[in-house]
Structures are given as C-alpha cells and as structure tokens.
Amino acid sequence: MRNRNTDLGFDSRHSRRHFLKLAGYGTLGLMAAGLWPGFDGFAAGQTPDTEFIPDLDITLSARPGEVPVLPGDPTLIWRYHATVHKGDRTRIAEIPRSYLGPIIKVHQGEKIRIRFRNAIPEESIVHWHGLHVPAIMDGHPRYVVPQGQSYLYEFEVKNRAGTYWYHPHPHGRTGPQVYRGLAGLFLVSDEEEQAVGLPDGEYDVPLVIQDRTFDSGNQLVYMSGHRMERMTGFLGDMIMVNGLPDFTLPVSTAAYRLRLLNGSNSRIYKLAWEDGRPLTIIGTDGGLLERPVFRRYVFLSPGERLEIWADFSDNPVGYTTSLLSLPFDVGGMGGGRMGRGMMMGGRTGQNLNLPNGVAFSVFKVKVAQPVKTDYRLPDTLSEIGPVRPDDAANFFRPRQFYLTMRHMQWTINGRVFQMEEVADDEIVQLGSTEIWEFNNTGGGMMNMMNMPHPIHLHGKQFRVIERSGVAHEGYVDEGWKDTVLLMPGERIKILVDFDDYPGMFLYHCHNLEHEDMGMMRNYFVRE
Ligand code: C2O
Ligand code: CU
C-alpha cells in the first residue's frame, strides 16, 4: 500500500498525507468493506475514512446497457447507475429511457461519499465538472481504474448552488466514453438560492443537449479515427435532449427555470428563441448571476451551463415555439465555408449533414395546460461579489496561454498533455490570486487553422475580466465560470483565486476530441 505513494507523482506530498491517513484505518476499512454489498476494494489502497461521516453515500457504477432511443432495436450504451447507501433517496433522480446517468442533488456543506465502480471494459475515472474538490477527488486521469475496480470519492460540497455535472476523464478516451452515454448532472442547492424563490419541482427543468449519430441498426457511430475528423471534433447529426431525439418540452402557462448543459463532444450552440423573445439568463457555470441579463442569442459550448428563465404564462394553451441554434461562422477549421471546402475537400472531418454553425431546432416547447403560479422574475438573484483584478499578484504580467496548432496537433503554449508533467510556468502558489490570459488569435498563415476552443479549468470557478477581439455578442461573462468559449481571434483574461487545495489539476479544451488528442495540461498548486 505504501509503495503506491511513490507513483503518485508530482503532488505526492499532499497525496501521501491523505493516503497514509487512510492506511491507518486500513484494517478497519476492509472489515467494514465486507459489510457493504458489491464492494470489492478501491484503487491505490483507498479505504473509506471512518472519521468522514457522509450525508450522502452512494455507489455510482459505469456499466454497459441498452436503451430504446429510436423505433426498432435498442441502442447499446454505457451508463452510470446509482445506489444509495445512506441519505435521502430522492437525491438521486434517474432519467427514464435515457442513456444519461442519474441527476445527483446535494446541498452546500454536505459531505458526499461516492464509490465509483468501473464496470465498462476499459479504464475510467469520474471528474466532477465545476466542483471545488481536493486534487485526488477531482478525477485526474492518473487515477484511472480498470474494469472491475473502484475509486473512492469523499468530499464536502463547497460550491455555490448551481448546475454542475460529472463525466469520465481517462486520458485519450473521454470523448468516446462520454459519447457512449457516460455523463450526468450534479445539482447543488444552497440557502441563498432557496431564498430567491425560483421555480422549482416540475418548473425546474434540466436539459442536457448533445448530438449523436446512429447507424441503420440504431447503434451509435462515433468517428472514423481519421486525423482530420479528430482535429475538428466529433459532430453528430441528431440533436438529443436528455438522451431523447426530437425532444418536445410540454409546459404549463407558467415561468420555468431551464438548466441547460452542453454535453456534446464538440458542437457549439448559438441559442435563441424562435418567437423572438430575448433569452433571460439567470445563471452560468458557477450558479446564479447577480441579476438577470438579456441576450438575443447566447453561445453554449461543450461543458458550459446556462440557466434561463422562460415564462409561458402569457401564451395560450396549444402555443409552440422552439429553442433554436442560429447559424454562425466557426472559423477556418470549424466547419464554416473554409472547412467544408478547401480544408476538408468534403472527405471527412465534417459532418456534412449537420456541420457546426448551421441552423436547427434544439428542442420544441409546447404549452400543454393552463395553471396558476406566481413566479416572478426577481431583480436580484444572488450576491456574487465584485471582481478585483488588482488583487492579482501578476496584474501587470498575466500568465499567457496560446491556443495553437503545431504539427497537426492542437496545443496549449505549443505543448500537449503528459500525464505527470508540469512546466515551470504552470506552477502557482497556494493562496495566490492570478490573471490567466488565453489567446486564440492564431496568426498569419495559420489563421485558417483556427477553431473555437472552450477552455475549462479543473478545481476552480473563475471570473472573466476581459474579452477582446470579439466578433460576437452572445457571451454571458458576468457570473462564475469554469468553462469559457474562445472563438477564433478572441483573447480572454480570467481571474482565479487559488485559495485552497494544493496539488495537480487539469486545464484543457473541452472539445473532447481536442482534449483526447492532448490539448490539455496540468497546473500545480504549490504549498
Ligand atoms: Cu468536463 Cu476536464 O472536464
Ligand atoms: Cu479545442
């Protein structure tokens, strides 16, 4: 058990402490393990911490299954399932007929134990996207477990109320595993949010947007593996909502809180209402905004979340509208003119049926019944605090990250992912506040090799303090974010506070094919 510490690599100081502490309870843990049905031991000598008293204790397993997605044969998928050992069963909401995992609902401050069981025929690990957790609880690919093994997560929920999610994170295989169905929502509530009195129960609707391609036997088709196709990212030709095709949301004449997650591998949506009403945004990745903002359209890139207020109380029963994705230009390689023509020569890479940036309906809304509710859009939603860029130690010299293509490979500062590697300029001091600048401006001849990149930081929520080179207005940079879209030509500065949790975390492009190809790096928080 102790030997395992040596291959924990870079952040062994922090991990060792944790593992040694666990080791102390080894025997006890194993005994207790025998009492837990279906438990067959955790990775790296992990045993549950007997001093950790969870409010919610679940087993989350990833396993093969099948669901009836289209008429005819069922579709073979991989899916997360949950069983509750301790805590209220209503915290786990399975989505009927979907390949998506259960929605896990927790409250800020609660202690959560999740025993991940990997029952798919390849290595996997779970990442809690957007959650602020210690490094060894974050699902770094170095912690992957093989089929038949488990990984133990124990953490306290520190985040604000918001719409977070979980998905696999094995290096090189995140795209295909998410595509097969491994993903689920993780909703956090807190007192501040509950005091606002937003629509809840049936008026609080999570909507996970993804794209998939099926063959004539109703089976999922991923990609050819062709390098060009991987460089643009996978695009499916059917839009799925909560795992269902041709989705219609039946509503009553009431106001709704719609929680949107883009769970697609690489497709970007430019969302707008068909009937011309503005999008009323009340929350982003890290929870509620200070006050609602209104946009004609909004981009939602892979990994991002948006919470929108949608009020149908003035619409008659029978009324229908759609949430659309409007056409947009994605730059050189993203599937625009250049993409379809010269770069791709129509050979592949592109989904010719439904390229990135064409118009389509994401889902329909149909007003199905009258109801009397009295939800009104609040003027104030939450207190998110001022952004103070001058708190940053590197205010005059932001850390720079260039998103570029090198040797037919997407890179960050010319580098690709190495499991244990951290460069000097990727080490930050615990307790510091920094400005990080991401730059998607390509340059010169390489302009046609530009693509949008949604950049995600693990472990932290951050604030966007500046966006330049902007050719679009569809951003909501006001709130807390963990994933931020950079269209070609754009540059963005974010403010991050490394207030706690030392160790190694990831930052990467959330286009999952870019990520799998190595457009991902470690950053290390030094104590
Ligand atoms: Cu949602 Cu590292 O990812
Ligand atoms: Cu990318």
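The values are calculated or read from the model by the stated rules, or taken from the named source; none is laboratory data. It should be emphasised that the depicted structure is a prediction, and the values quoted were computed from it without experimental measurement. FYI the Cβ positions are ideal-geometry reconstructions off the backbone, even for glycines, and counts take in every protein chain you see. Surface accessibility is based on the protein's heavy atoms, side chains included, excluding ligands, DNA and RNA. Shrake-Rupley method; radii C 1.70, N 1.55, O 1.52, S 1.80 Å.
Some notes on this structure:
- Considering only alpha-carbon pairs that sit under 8 angstrom and 6 or more positions apart, the relative contact order computed for segment 201-369 is 28 percent.
- Highest average packing first - 312-322, 124-134, Cβ atoms within 10 Å: 124-134, 312-322
- Hull volume per residue, based on the alpha-carbon atoms of segment 351-409 and their convex hull, is 223 Å³.
- Rounded if a/c under 1.5, otherwise prolate or oblate - segment 56-189, Cα gyration tensor axes: oblate
- Over the residues of the chain, the helix contribution to mean residue ellipticity at 222 nm works out to -2500 deg cm²/dmol, using -39500 (n - 2.57) for each DSSP H run of at least 4.
- Once backbone amide H atoms are built at 1.01 Å from N, SER124 has VAL145 as its partners under 5 Å, excluding neighbours fewer than 5 places away on the same chain.
- In percent, rounded to a whole number, the relative contact order of the chain is 14, using alpha-carbon pairs under 8 Å and six or more apart.
- Per residue, the convex hull spanned by the Cα atoms of segment 201-369 measures out at 127 cubic angstrom.
- Rg followed by Dmax, in Å, when segment 81-140 is reduced to its Cα trace: 12.7, 35
- For the chain, the calculated P(r) over all alpha carbon pairs, in 20 Å bins from 0 to the bin holding the longest distance, is 22, 59, 19, 0 percent.
- Cβ-based net charge around PHE401, under 11 Å, with every Lys or Arg adding one and every Asp or Glu removing one: +2
- Candidates GLY109, HIS171, GLY72 compared by Cα position along the dipole of segment 56-189: farthest toward the positive end lies GLY109, with charges placed on Cβ.
- The number of Lys pairs in the chain with C-alpha atoms less than 13 Å apart, excluding pairs fewer than 8 positions apart on the same chain, is 5.
- The charge dipole of segment 56-189, taken about the Cα centre with unit charges on the Cβ atoms of Lys, Arg (+1) and Asp, Glu (-1), comes to about 200 debye, rounded to the nearest 20.
- Value of Rg to Rh for segment 373-463, rounded to two decimals, is 1.10; Kirkwood radius and Rg both from alpha-carbon coordinates.
- Beta-bridge orientation, the chain: approximately 75 percent antiparallel, per DSSP, counting only bridges with both partners inside.
- Dipole magnitude for the chain: about 1040 debye, using +1 per Lys or Arg Cβ and -1 per Asp or Glu Cβ, origin at the Cα centre.
- The value of relative contact order for segment 56-189, using C-alpha pairs under 8 Å at least six residues apart, is 28 percent.
- Three-way shape label, segment 375-527, alpha-carbon gyration tensor, a/c 1.5: oblate
- Dipole size of segment 201-369 about its Cα centre, with +1 on Lys/Arg Cβ and -1 on Asp/Glu Cβ: approximately 500 debye, rounded to the nearest 20.
- Overall form of segment 124-219 per C-alpha gyration tensor (a/c, 1.5; a/b vs b/c): oblate
- Point-to-point label distance, LYS364-GLU66, nm (Cα→Cβ direction, 7 Å offset): 2.9 nm
- Long-range amide H partners of MET240 with built H, under 5 Å: GLN210, ASP211, ARG212
- Segment 197-269 and segment 144-193 have Cα centres spaced 18 Å apart.
- Solvent-accessible area, 1.4 Å probe, carbon plus sulfur percent, for the chain: 51 percent
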